[in-house]
Every structure is written in structure tokens, then in C-alpha cells.
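Notes follow once the structure below has been shown.
The values are calculated or read from the model by the stated rules, or taken from the named source; none is laboratory data. Keep in mind that what you see is a predicted model, and the values were worked out from it rather than measured. Neighbour counts are summed over all protein chains in view; Cβ atoms, including those assigned to glycine, are modelled from backbone coordinates with ideal geometry.
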Ligand SMILES: N[C@@H](CCC(=O)N[C@@H](CS)C(=O)NCC(=O)O)C(=O)O
């Protein structure tokens, strides 16, 4: 299929959008990204899929929103390079972990924003990615206080939510390390890469910043750098790093994908 006919409406920096890009890349599907501006995106998202969150995928067959629903849709319509095992019991295990780690994303997002929301780099982090036009970036630089307010409100970046999220993340990290049984070369379920691995790795990637991920940038504020160093030294950090190295074959900004801008 012509890639211009499969469109992913997204935010370049969103971990749920990264999950879907990885999903599409893992399946070897061509697509074009349309980067929406946070805020006005809600009109487009509502028009497309009667929801306000991204990602939304417009495929030849239908329009699907929500990264998990998109994953199930892709698995059903594009069964090659499967990310879900055939065995119903093992499949159920993968789906259960997928659901748990999908929720983890919400906590990771809150915790990460809590580390950078007050820094002067906040608008660079939010907007300084390929895909946004020059005027979108200028607009962002002038509206920093508004941006901070929006980030705090949208992602509930305040106490006690931040501390609760950190606790949730700690439990998830321990759970993953238990499943890996001391080895960074293992997978969460069985001997193959599945949707559970893809979901956990993409949800944790903002904390670890592996190469090939949208968060590999080294210009992050000091507090986040320390956090990263600690996590990279842990088994779970090494595992996420390896999955990005071994399974994230098409990084988000390789030339094979055309990125278009749209309000
Ligand atoms: N569970 C949803 C979560 C999607 C989500 O939270 N998307 C965020 C971006 S990371 C969003 O669109 N936020 C903007 C809003 O809520 O208006 C999924 O898996 O797709």
C-alpha cells in the first residue's frame, strides 16, 4: 500500500505514539506521520475518531484510535511478523502485560514532566523535534507559562500524584526484572519479542533514553540525566536499551518515512 494512504496522526514526543510507530515499523508497514499541535489537535482527533487523544491511525480500511486498539487492529489485518502468540493462554499473558504496561505510560509521562516542567528547556523539549514548523516553534517559545500550565493540567503533574506515579514505576521495574530472571537478553513472555515487550520498552524509554528512541537527546536537564544514569545501570534499563537496539529497526526519523506538518 502507498504510504501516503496510511496516516498516523501523532505527537512526535508522545510515548503512546512511539509505541504505535514501533508497532507499524515492526510489521514493516509504510505510513506517513502527521504531527499535530497539542491543544488544537483535539479538533482533528474528534473529527477523525470521536476522541481527543493521539495516536490515531487512518488506514485504507478504517480509522482507529488508541495504541492498544491500533495494535489489535494491525495484528488482525496484517498477521505477518506477529506480535501476539497463537497459543491462547500465552496470548492472554501477553495481552495482560500489555494492558498493565500501557497504564505505566501515564505514570512515566507524569514523572518525566515533573523533572523538566520548570526548566527553561521545557518548550525545546516539547516542540524542538522534527516535524514542527518554524512558526509553531516560535509560538511555543512565547507561550512558555501557558505551556507549563497545560502540561501540569493535562498530565496531572502535581503532588501527591507525582510520588504515587514514582511508586507505580518502581513496582513495574521490579516486576520486569523478576520476569527477566537476571538476564537482559530475555523476553517478558516466552522466547520471542511480543507486544508486551514493545509496550513496556516504549513506555519506559523516556526514562532511559535509548538510541533510536525520541528521547535519546543528551540535552536534557541535569536531574533527568542523573535519573537516567541510575536506570541505565539496572537490568531493566539494559533490557530496554537492548530491545531498542535489536528490535527498533526503523528509528522514528529515518528518511523512509515522510513527516508532514499540520495544525
Ligand atoms: N491509552 C491511550 C493514551 C493516549 C494518550 O494519552 N495520548 C496523549 C498523548 S501521550 C494525548 O493525546 N493527550 C492529549 C489529550 O489528552 O488531549 C493510548 O494508548 O493511545
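Quick rundown of the values:
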{"read-out": "Single residue of 231, 204, 180 found to be crowded, with 18+ Cβ neighbours inside 10 Å and either more than 19 Å from the chain's Cα centre (by Cα) or without any contact (Cβ under 8 Å) to a residue 60 or more places away in the chain (or both)", "value": "231"}
{"read-out": "Subset tally (residues that are closer than 28 Å to residue 153 by Cα and exposed (fewer than 14 other Cβ atoms within 10 Å of the Cβ)) for the range 36-62", "value": "8"}
{"read-out": "Qualifying residue in the range 5-16 (condition: under 25 Å from residue 240 (Cα atoms), part of a helix (DSSP H, G or I), within 11 Å of the ligand (Cβ to nearest atom) and touching a residue at least 40 places away in the same chain (Cβ under 8 Å))", "value": "yes"}
{"read-out": "Of residues in the range 136-163 being closer than 10 Å to residue 111 by Cα and without any contact (Cβ under 8 Å) to a residue 24 or more places away in the chain, the one nearest to the ligand (Cβ to nearest atom)", "value": "158"}
{"read-out": "Lone qualifier among 54, 72 - being within 12 Å of the ligand (Cβ to nearest atom), in a loop (DSSP other than H, G, I, E, B) and in the same structural domain as residue 27 (by TED's automatic domain parsing)", "value": "54"}
{"read-out": "Test result for residue 29, within 12 Å of the ligand (Cβ to nearest atom), modelled with pLDDT of 90 or more and not in a helix (DSSP H, G or I)", "value": "no"}
{"read-out": "Index of the failed condition, residue 130 passing every other in (1) in a loop (DSSP other than H, G, I, E, B); (2) surrounded by fewer than 17 Cβ atoms within 10 Å (Cβ to Cβ); (3) assigned by TED's automatic domain parsing to the domain that holds residue 241; (4) at pLDDT below 85", "value": "(3)"}
{"read-out": "Candidate set from the range 90-121 (those that are away from the ligand (no atom under 16 Å from the Cβ) and within 16 Å of residue 225 (Cα to Cα)); member that is surrounded by the fewest Cβ atoms within 10 Å (Cβ to Cβ)", "value": "120"}
{"read-out": "Among residues of the range 78-89, those that are buried (at least 21 other Cβ atoms within 10 Å of the Cβ) and without any contact (Cβ under 8 Å) to a residue 12 or more places away in the chain, counted", "value": "0"}
{"read-out": "Residue 220 vs. criteria outside the structural domain of residue 23 (by TED's automatic domain parsing) and not in a helix (DSSP H, G or I)", "value": "yes"}
{"read-out": "Condition check for residue 75: surrounded by fewer than 20 Cβ atoms within 10 Å (Cβ to Cβ) and under 16 Å from residue 193 (Cβ atoms)", "value": "yes"}
{"read-out": "In the range 37-51, the residues that are out of contact with any strand residue (DSSP E or B) (no Cβ under 7 Å at 6 or more places or on another chain) and assigned to a helix (DSSP H, G or I)", "value": "41, 42, 43, 46, 47"}
{"read-out": "Selected residue (criterion: nearest to the ligand (Cβ to nearest atom)) from residues of the range 35-51 that are in contact (Cβ under 8 Å) with a residue 24 or more places away in the chain and over 21 Å from residue 125 (Cβ atoms)", "value": "45"}
